[in-house]
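The values are calculated or read from the model by the stated rules, or taken from the named source; none is laboratory data. Worth saying up front: this structure is predicted, and the values here are computed from it rather than measured. For neighbour counting, all protein chains shown are included, and Cβ atoms are generated from backbone atoms with ideal geometry for every residue, glycine included.
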């Protein structure tokens, strides 16, 4: 058995991932068949999730036999791989550093980082220590998104995308980082990297970000905070147009498959440069929204 640790139990993902990896209280069609099991974790604290909710997560995990440790250092010596689950992206560099420096494959839950410079440092540490890292929203690997991205006959070469998702706000993850990242990941899964600038119009009920890619394509993402909520996209290609609502039924299973693949192969399923660009997109949208929708260049772009 390969041992997986989890850091910061302040998101429902710690429960959802443990259910699927350890085969606890979930339908067999949701199981991840592998040698990896979540065996221990550091509970941590949170500025986002209330203590009562965290206590519920803790009760679930310990009831399934997941061991609590007193410090991150204790966990480093116990596991073969780790998942950083802190809800706030501000915490991720400090949380990930000890594991990367110890040579432990590291998954970092969304949002990867808030400050792009933190992401650059995580990438540097990973390269320096030859350690695979990976960060993604589960929506990127929803079957509808994956199928549309590979639809060479129906869609063809993608020329534009509009994606949408709920986008609640929290100061611990400014702007799209908190929940709108699901729509941003969908956008990037279909468009690919290369956005160089964007503008964002934001109001209490929602926001729309429009980006220009270096190759001349444009794409947009709507984050909703009022009215009905859903996940979905429209993708325009040189052969056709495809619109889909995204089901959340299998998103955790599909993300976990990629995480376990990284643990097993030592290779990330997603280029860290694209992950950095997503962080830069979100940061630029926040800056634009706070400045009347002005056009903002991305601090990091794979096109540069």
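Summary of computed values
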{"quantity": "Total residues in the range 75-92, condition buried (at least 22 other Cβ atoms within 10 Å of the Cβ) and in a helix (DSSP H, G or I)", "calculated": "4"}
{"quantity": "Some residue of the range 111-120 being outside the structural domain of residue 238 (by TED's automatic domain parsing), in contact (Cβ under 8 Å) with a residue 60 or more places away in the chain, in a helix (DSSP H, G or I) and surrounded by fewer than 24 Cβ atoms within 10 Å (Cβ to Cβ)", "calculated": "yes"}
{"quantity": "Qualifying positions in the range 183-200 - touching a helix residue (DSSP H, G or I) at 6+ places or on another chain (Cβ under 7 Å) and either surrounded by fewer than 20 Cβ atoms within 10 Å (Cβ to Cβ) or in contact (Cβ under 8 Å) with a residue 60 or more places away in the chain (or both)", "calculated": "184, 185, 186, 188, 193, 195, 198, 199, 200"}
{"quantity": "Which listed residue is surrounded by 16 or more Cβ atoms within 10 Å (Cβ to Cβ) and more than 25 Å from residue 157 (Cα to Cα), from 242, 258, 225", "calculated": "225"}
{"quantity": "Some residue of the range 18-30 being under 18 Å from the mean Cα position of the chain (by Cα) and surrounded by fewer than 18 Cβ atoms within 10 Å (Cβ to Cβ)", "calculated": "no"}
{"quantity": "All positions within the range 132-146 that are surrounded by fewer than 23 Cβ atoms within 10 Å (Cβ to Cβ) and either under 21 Å from residue 8 (Cα atoms) or touching a strand residue (DSSP E or B) at 6+ places or on another chain (Cβ under 6 Å) (or both)", "calculated": "132, 138, 144"}
{"quantity": "The range 1-12, residues that are touching a residue at least 40 places away in the same chain (Cβ under 8 Å) and either surrounded by 20 or more Cβ atoms within 10 Å (Cβ to Cβ) or assigned to a loop (DSSP other than H, G, I, E, B) (or both)", "calculated": "4, 5, 6, 7, 8, 9, 10, 11, 12"}
{"quantity": "Selection status of residue 107, at pLDDT 95 or above, under 16 Å from residue 276 (Cα atoms), crowded, with 16+ Cβ neighbours inside 10 Å and not assigned by TED's automatic domain parsing to the domain that holds residue 81", "calculated": "no"}
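Yes/no matrix, rows are residues, columns are (1) at pLDDT below 95; (2) in a loop (DSSP other than H, G, I, E, B); (3) under 18 Å from residue 98 (Cβ atoms):
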position	(1), (2), (3)
34	no, yes, no
40	no, no, yes
45	yes, yes, yes
73	yes, no, yes
